[in-house]
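Undergrad: My questions all concern the structure below.
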Amino acid sequence: MSRLTRRSVLSGLGASLAAPALSTAAAASVTGGPQRVPLLGEVPAGQLHVVPDEFALYWTLPNREALRYSVGIAPQERWVPGTYRIKRKEEWPTWTPTPAMIRREPEKYEPYADGMPGGPNNPLGARALYLYDGGRDTYLRIHGTPDPTGIGRRVSNGCVRMVNEDAIDLYERVPMNSVVVLHA
């Protein structure tokens, strides 16, 4: 089983975040829901930790446990490690590509410059958690996806992707203002 240590989490809270030392156990199933895993140390309950090398998101629980979800993430050049807070949550969110996305691939994203209503084909999927740095929206999200083929891969534009069922499950568990750590 994967294990998240207190020391690794605390060392990851600084500006230069390093991924926690986790075991090399098999990953959670893409569609099988979260796995309950033990933590090695005293990690505060109620935090999200995304470990890019594992394609895993951990929701920390009391009693030195966590729920581990499989995720897709951004390529290295678009991954932004740091500590954030959830300041907004949406069901079937509207999606609007960022200006950087439109510049990179105008043929793909420009048609949606004014946004796409929420629904089953929306890239943000069924639920979205919005990551903020202080009062500033970072445009980083933890969200569902209608295309589960990106789970376990580096394919997003900066966000953390989950299958819709897992995004719904996590959305129900995570309160506003929760800490989110995107590890390096």
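Undergrad: What ³J(HN,Hα) values, in whole Hz, does the Karplus curve 6.51 cos²θ - 1.76 cosθ + 1.60 give for the range 155-167 when θ = phi - 60°, with x put for Gly and Pro?
TA: 9, 7, 8, x, 8, 9, 9, 9, 4, 4, 4, 5, 4
Undergrad: Also, I was wondering about something else. From the P(r) of the range 128-184, could you give the percentage of C-alpha pairs in the tail past 17 Å?
TA: The share of Cα pairs beyond 17 Å in the range 128-184 comes to 39 percent.
Undergrad: Over the range 66-183, with the other protein chains present, what is the accessible area per residue in square angstrom, probe 1.4 angstrom? Could you put the intermediate results ahead of the total?
TA: Working: 5440 Å² over 118 residues.
Accessible area per residue, the range 66-183: 46 Å².
Undergrad: What is the P(r) of the range 104-150, as percent of Cα-Cα pairs per 10 Å bin from 0?
TA: Each 10 Å bin holds this share of Cα pairs: 23, 44, 31, 1.
Undergrad: Shifting gears a bit: How many angstrom lie between the Cα centre of the range 118-177 and the Cα centre of the range 83-102?
TA: Each part reduced to its Cα centre gives a spacing of 8 Å.
Undergrad: Compute the FRET efficiency between residue 155 and residue 177 as 1/(1 + (r/R0)^6), taking r as their Cβ-Cβ distance and R0 = 35 Å, and round to the nearest 0.05.
TA: In this case the efficiency is close to 0.75.
The values are calculated or read from the model by the stated rules, or taken from the named source; none is laboratory data. These figures come from a predicted structure and were not determined experimentally. All Cβ positions, glycine included, derive from the backbone under ideal geometry; neighbour counts span all protein chains shown. The protein model used for the area step is the full one, side chains on, heavy atoms only, and it has no ligands, DNA or RNA in it. Shrake-Rupley method; radii C 1.70, N 1.55, O 1.52, S 1.80 Å.
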